[in-house]
Amino acid sequence: MRYAYYPGCSNHSSSIDYDESTKAVFSALGIRLIGLDDWNCCGTTAVSSVDPLVSMALSARNLALVENHGYETLAVTCNSCYSMLRRAGDYCRDSAFAPAMTSVLASVNRVCQGRVAVRHVLDLLVNDVGVAKIRAIVRYPLNGIKIAPYYGCLIGRPKASFDDSEFPTSMDELLSVVGLEVVPFDRKTKCCGSTLMTSKEDVALALNEEILNESVQRGADGIAVLCPMCHLNLDAYQSKINKKFKTSYNVPVLYFTQLLGMAMGIGEKDLGLFRATGARHKLLKKVSV
Amino acid sequence: MSDIKVGVYVCHCGTNIADRVYVSGVAEFAGSLPNVVVARDNQYMCSDPGQEMIKKDIKEMNLNRIVVAACSPRMHEPTFRKCLESAGLNGYQFEMANIREHCSWVTEDAEEATEKAKALVAAAVARVPYHEALYERFTDMCSRTLVVGGGIAGIEAALKVAASGNQVVLVEKEPSIGGNMARWDKTFPTMDCAACILAPKMVAVSQNDNITLHTYSEIEKVEGFVGNFKVTIRKKARSVEMDKCTGCCLCYGKCPVKVPSEFEAGLGTRKAIYIPFPQAVPNKPVIDRATCTYFKNGKCGVCRKTCPTGAVNYEQEDELLVEEFGAIIVATGWQTFDPALGSQWGYGRYDNVYSAIQLERLVNASGPTKGKVVMKDGRSPKSIAVLHCIGSRDKNYHEYCSRLCCMSSLKLALLLKEKTKGEVYNFYIDIRSAGKGYEEFYNRVMEEGVHFIKGKGAEVIEKNGKLVVRAEDVFLGKYREVPVDMVILSTACEARSDAARVAQVFGIQRSRDGFFLEAHPKLEPLRTATEGIYIAGCCQGPKDIPDSVAQGAGAAAEALSLIAAGKVKISPVVAVVDANKCAGCKICLPLCAYKAISFDSISKVAAVNEALCKGCGTCAASCASKALNIKHFTDEQILAQIKEVLAV
C-alpha cells in the first residue's frame, strides 16, 4: 500500500513531531507515504480571506502534482489542509467553478481534474488499514491512561466526510484499540480559534480554555489531537490561558499518531517526543511507569 | 380531407398569455393555415362567452375540428370537449395548443414567444384532420372501500364511508388502530386528552357492522383499476386466536420477556406477548415472535399454559386474503424524525435529553412514570428547555416546516410548567400558530410564564453537571447559554421509512420531501395520479389532528362519489392491436406496467384489456411491426404535429 503524502507547512515547522510520528506509524504498518516534490501552501487562513479563488487554486496546484504522478490518494495530516484540498478537488469537478480554476492554474502551466481522493491520515488508518491490523502490532498497550479525543472543527467541514461532522467517533475507536481509556468529550469538534490566536487573542484563549477545562473535568490525563493548529493553540498557550483565567492547566497534548506509535513500541526519537513542551512529560512519565 | 373545417381560438388569458404573446397576430397567422375556416382571439376562452363563440361558429360555419390555443390541457381540455359535444361534435375532434405553461410563462422575449405560439398552433392545426371520433365507455364497479392505515385520518375515513351503508375494510399494520394520536397525552389548543377523544372513534370502528377490521396486517399487492381493484392483504400471524381470546390479560402477566415498548417510545417495557396500550382496539394481545422465548429456542410456552381459553397458538401462520374494492384510501401516516441523527443535540448521549414523543409518554397518566415528569435519577427538573424545529426548517435534514411542532411544543411547555412549576424555555425560530384558537393559545402559554427565546437551539452540551443549551438570541443580538435540567427536542414530522415501498404498491408518486403526492396541490389534495386511489392525513404532508380528520372525511367523500355513480368511465385513449400486423413476438407483454396486454394463444396475437390500459404508449413505441397504436396518439397525428412545429 502507498499513498502520496502532503505534509503542509506546519509539519515542517511547529509540528515536525506530527510529521515524524505519522511517517513512523505508517512505516510500522508497512505503508509507504510518498512525499511530493515542489508542493506549496494549501492556501488556508490569510489567503482565503483575501482571495478565495487564489486560495483554492493554491490547493488545486498540489492536486495537479499528485495527478501528474498518477497517484489516486493523497494522505493529509493537517485538518486545515485537508479541508482546503478537499474543497479544491470539488471546485475542479464542479462545472460552475472549473473554468475559473482552469484559467488560474493555466498561468502556472498546471491542469487539475479533481480526480485525487484527498484523505486524512485518521480516515486511512481507520478505514483503509483497519483497527484489526493496528491491534495486531500493539506491543505496549497504554492501559490506565485516560485520554480526551479532540478532533478539531475542520475534520468534517464544510461537509461531513468519513465521520460525523459534529460528533465523530473514529479516533475514539483507534485510541481504545491501543489500550487508552477514551473519556466522553463534548467539545470534540469545538473550534480552537486557529489563527485567531494572532489577531484576536482574547477570543481564541477563551475557546481553548473551554476545551482544556472539559478535559480536566473529565479526568483525562491528556488530549489527543490530529491537527497542528489545534495542537499549537492547546499546548503552547496554556501559560497564557492560566494567566488570563487564573487557572493552573498543565495538560499534555499529543498527536494521536504519537500515542499509536508509543503503543506500537516505536522509539521516542522517531515519534518526535523529545520535542515536547513541559506538560507532555507528565503523560510520558505515566506511560513509562 | 377536403371536408375538414377547422376553427382556431387563441386565448389572452388576461395578461397571462397576452403579456408575452402577440395574440391577435397568432390568430391572424392561424387564419392563413390550410383547412382553417375561422381564427379568432378572446380575453378568456374558458368563459361562457368564449365557449358560446365556439358553439356559434360550429353551427354557423359547419366546423368539424376545433383548436384552442390557451393553457395546459390538464386545466381545460374537459371544458372544451364538453363545449364541442353540446354543439354536436365529438369531444375528441379537438386539440389544445398550450401557449401558456409551455410558452408565455417560460419565454422572456415577446417575439420569440409569439413565434413559438405560432408553431404550436400550426402543429395543432396539422394534427386535427387525423382526429377520429372516440367514445368513452362505462364499466361496472365494486362498491367496497379499502382504507389503509388506522390512525385518526384512516379511522375517520372508514367511519364516514361506513355511515353511508357501504362496506369498508380497514387494514392496520400495528396490532391496534389508533396511530400516532393514541400516543399523545393532551391535544392543543383545547388541552383535552387525546385518548378520551380518540377512544370512542376506535370503539366505533370495532362496533360498526359495515367495517371489517384487519389489524397486524399489510397490503401486499394491488392489481386492477379504478372501481375494480384486486388487493392482497397479508394478515400476519398474531399467534393468538382472536375468536377464542377474551382479552383477560392473564397471558402477559406471566410472560418472562421484557423489551422496550414501542408505544412508550422506548421509555417503558412490554412483554413478548402484549397489548400495546390500555385502550387498544382490538383489545387482544399479539406475540412478538422476534423476542418471544418460545420462538427463539422452543422453550417457555408459559402464555399458552396460562390462557384459560386456549387462544394462544404458536403454529398460526400468516394468512393471505384477496379481496375486491372499488376505491382505496391510503392513510398510512408519518413518523417522527430521529434526533440522534443530529449529534449536536446530545440525544442518546445525555440522560435527560428527550424527544417530544417521549415527553408525551412521560406526562401521560398511563405512561412509564404514571404522569410524573422526572429526570433519569428520579428528581423533578427545575428548568427545562424545549427546542423547536429539530429536523425541520433545516437543510441538513428536512427543508420544510413540520407545521404541528410549534403548537405541540407550546402544549408540552404548558404541561411542563403545570407539572414541574419549574422554568420552561422555548427556543424557536418563528412561532407558527396558524389555526383556530392557536394564537390565543400561544398568548395563554406566554401569560403562564413560559420563557421564549427567539433563536434555534444550536447544540446541547454538559457543563458542571447541567445541560446547557446554546443559541443565538436574535432579539438581544447575543449568543446565549442557558443551563437546564432537561431538554425536550421537538422533532420533525417525516414520511415513514417504508413510504417508498407503500408508494410502489399503490402506484402513488412522492414529492421531493418524501410524502405522497396529491394530484393537484390546491384543487385535488386527496386524489393521486392513479384514479380511485385517494390519500388522507400525514402521509401527504405534516398535519395537525383537525386537518387529518378533515382529510379523512374528504377522502371518504371522494370514494363515495365514485361508488355512488355505480359505474366507472373508461377513457377511449387506449392501445389497439392491428391483428393483421402483429407478429406475436410478445415484446409488449412484460413492458406494460398495467398488465393490460395478454397473448391470445389461439390467434397468436397480442390483446389489450381496455379497462386496464392507461394509454401510456410504451407498447406502441416498442412494437417492431407497428401493430400497436394508441388511439388519439396515432403515428399520423404525432408526426403531422412534429413536422409543423419544426417547419414554422
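None of the figures in this text is laboratory data; all of them are computed from the coordinates on show. What you are looking at is a predicted structure, and each value in this text was computed from that prediction instead of being measured. Here the Cβ positions follow ideal geometry from the backbone for every residue, glycine too, while neighbour counts run over all protein chains shown.
Listing for the model above:
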| read-out | value |
| --- | --- |
| Structure-based [θ]222 nm, the protein assembly as shown - -39500 (n - 2.57) summed over DSSP H runs of at least 4, per residue, nearest 500 | -10000 deg cm²/dmol |
| Ranked list, fewest to most other Cβ atoms within 10 Å of each Cβ, for A:Leu284, B:Leu589, A:Leu180, B:Leu198 | B:Leu589, A:Leu284, B:Leu198, A:Leu180 |
| Rounded to whole Hz, the Karplus (6.51, -1.76, 1.60) HN-Hα couplings of segment A:190-201, x for glycine and proline | 6, 5, 8, x, 6, 6, 4, 4, 8, 9, 10, 4 |
| Convex hull of Cα atoms in segment B:56-122, direction-averaged projection (nm²) | 4.8 |
| Order of A:Asp38, A:Asp163 - criterion: other Cβ atoms within 10 Å of each residue's Cβ, fewest first | A:Asp38, A:Asp163 |
| Estimated FRET transfer efficiency (B:Phe633, B:Ile197; beta-carbon r; R0 51 Å; 0.05) | 0.50 |
| Listed pairs B:Lys186/B:Lys258; A:Lys146/A:Lys282; B:Lys456/B:Lys478; B:Lys244/B:Lys299; B:Lys382/B:Lys463; B:Lys411/B:Lys436 exceeding 18 Å between Cα atoms | B:Lys186/B:Lys258; B:Lys244/B:Lys299 |
| Separation between Cα centres of segment B:326-367 and segment B:507-540, rounded to whole Å | 24 |
| Chain lengthening between B:Ser598 and B:Leu646 when straightened (0.36 nm per residue, less Cα-Cα) | 13.5 nm |
| In degrees, nearest ten, helix B:545-565 long axis to first principal axis of chain B (Cα) | 40 |
| 10 Å Cβ neighbours from other chains, averaged over peptide B:341-350 | 3 |
| Lysine pairs in segment B:536-648 with Cα atoms under 26 Å, if 8 or more residues apart or on separate chains | 28 |
| B:Asp498 versus A:Asp94: modelled label distance in nm, points set 7 Å from Cα along the beta carbon direction | 4.0 |
| Estimated distance in nm for a label pair at B:Ala365 and B:Asp109, the labels positioned 7 Å out from Cα along Cα-to-Cβ | 7.4 |
| Residues B:Asn297 and A:Thr198, FRET efficiency given R0 of 56 Å [Cβ-Cβ distance, rounded to 0.05] | 0.25 |
| Derived scalar couplings ³J(HN,Hα) [segment B:346-352; Karplus, 6.51 cos²θ - 1.76 cosθ + 1.60; whole Hz; x for Gly, Pro] | x, 5, x, 9, 9, 4, 9 |
| Partners for A:Lys240 among aspartates and glutamates (Cα-Cα distance below 20 Å; same-chain residues under 8 apart left out) | A:Glu201, A:Asp202, A:Glu209, A:Glu210, A:Glu214 |
| Packing-based exposure ordering (other Cβ within 10 Å, fewest first) of B:Val568, B:Val424 | B:Val568, B:Val424 |
| 5 angstrom amide H check on B:Glu423, placed H, neighbours 5+ away | B:Ser383, B:Ile384 |
| Within 10 Å of each Cβ in A:137-143, the average number of Cβ atoms from other chains | 0 |
| Relative contact order computed over chain B (Cα-Cα under 8 Å; 6+ residues apart), in percent | 13 |
| Per-residue ³J(HN,Hα) for segment B:335-341, Karplus 6.51 cos²θ - 1.76 cosθ + 1.60, θ = phi - 60°, Hz, x for Gly and Pro | 9, 8, 4, 7, x, 5, 5 |
| Partner aspartates and glutamates for B:Lys221 [C-alpha distance under 13 Å; skip if fewer than 8 residues away on the same chain] | B:Glu323, B:Glu324 |
| Nonlocal amide H pairs with A:Val253, under 5 Å, H built at 1.01 Å | A:Ile223, A:Arg280 |
| For A:163-170, mean number of other protein chain Cβ atoms within 10 Å | 3 |
| Total charge dipole magnitude, the protein assembly as shown, about the Cα centre, Cβ charges on Lys, Arg, Asp, Glu only, Debye to nearest 20 | 2640 |
| Distance in nm between pseudo-label sites at B:Glu324 and A:Ile34 (7 Å out along the Cβ direction from Cα) | 7.3 |
| Förster radius 51 Å - calculated FRET efficiency between B:Glu524 and A:Ala160, Cβ distance, rounded to 0.05 | 0.85 |
| Amide H contacts under 5 Å for B:Ala39, placed H, 5+ residues apart | B:Val8 |
| Full-stretch length increase - B:Leu134, B:Gln509 - with 0.36 nm per residue and alpha-carbon distance subtracted | 132.1 nm |
